[in-house]
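The values are calculated or read from the model by the stated rules, or taken from the named source; none is laboratory data. If you're wondering where the values come from, they're calculated on a predicted model, not measured in any experiment. Quick reminder, even Gly has a Cβ in these numbers, built from the backbone with ideal geometry, and neighbours come from all protein chains shown.
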Amino acid sequence: MRVSALLLATATTVFGILPAGADSNGMDMSGATTSGLFLPPMNAAEGRLLFASKGCVVCHSINGVGGEDAPPLDAEFMDLPMNPFDFAARMWRGAETMVELQRDELGDVIYLEGDELASIIAFVHDAEEQARFSAADIPEEIEAMMGHTEEESPDGDTDDDHD
C-alpha cells in the first residue's frame with residue numbers, strides 16, 4: 001500500500017473523514033461527509049513538485065538534496081503510519097521559526113492551499129516518490145535562492161574566504 005493511501009486510510013478510520021466525492025466504499029458521492037469535512041487528494045508526485053517549487057527545499061532536504069536550516073524530511077525519518085493532522089500540527093509548532101526563515105531565505109512566507117499541503121505531506125511520507133527527487137526538480141529561481149545563504153562579513157568577504 002502506498003504511503004498516501006495509508007495516510008488516507010488512517011484519517012478515514014480515525015476521524016471518519018472521507019476524500020472528496022467518496023463514500024466509505026470509495027464510491028463517488030460528489031460531496032462531503034455529514035460533518036461537512038473531507039480530505040483533499042494526497043498526491044505524492046504533485047507533492048514532489050510542490051516541495052521544490054514552493055521553496056520548502058531551500059531549508060529542508062530529501063535524499064541529501066536541499067537546505068540544512070531545517071530538519072530533513074526523508075520518509076525514513078517519518079512516523080508511519082502518521083496522521084496528516086499531526087504533521088500539520090508539528091509545522092504549526094515551528095511556524096514562528098519557519099516564517100522567519102522563509103522571509104530571510106525566500107523574501108516572503110510560503111503560501112499553501114490545503115490540497116497543496118496534503119500533497120506535500122504525502123510526498124514526505126512516500127519513499128518511492130522521494131527516490132525520484134533530485135536537484136533537477138528544483139526550479140532555477142528556487143535554486144538561485146539556495147545559493148545566497150553564505151554569510152557576508154562587514155568588510156564584504158564571505159565566511160568561506162577566511163583562512
Residue list for segment 79-130, filter: loosely packed, with under 12 Cβ neighbours inside 10 Å, within 15 Å of L50 (Cβ to Cβ) and charged (D, E, K, R): E113
Which pairs turn up if I take residues in segment 34-54 that are more than 21 Å from G67 (Cβ to Cβ) and look for partners that are aromatic (F, W, Y) and at pLDDT below 95 with beta carbon separation below 9 Å, at least 6 apart in sequence or on another chain? L37/F15; L39/F15
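Got a sec? Which of A88, A70, A52 is touching a helix residue (DSSP H, G or I) at 6+ places or on another chain (Cβ under 8 Å) and under 19 Å from P40 (Cα atoms)? Walk me through it before giving the result.
Working: A70 fails: under 19 Å from P40 (Cα atoms); A52 fails: under 19 Å from P40 (Cα atoms).
Residue meeting the stated conditions: A88.
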Expected single match for touching a Lys or Arg at 6+ places or on another chain (Cβ under 6 Å) and at pLDDT 90 or above among E96, E129, E113 is E129
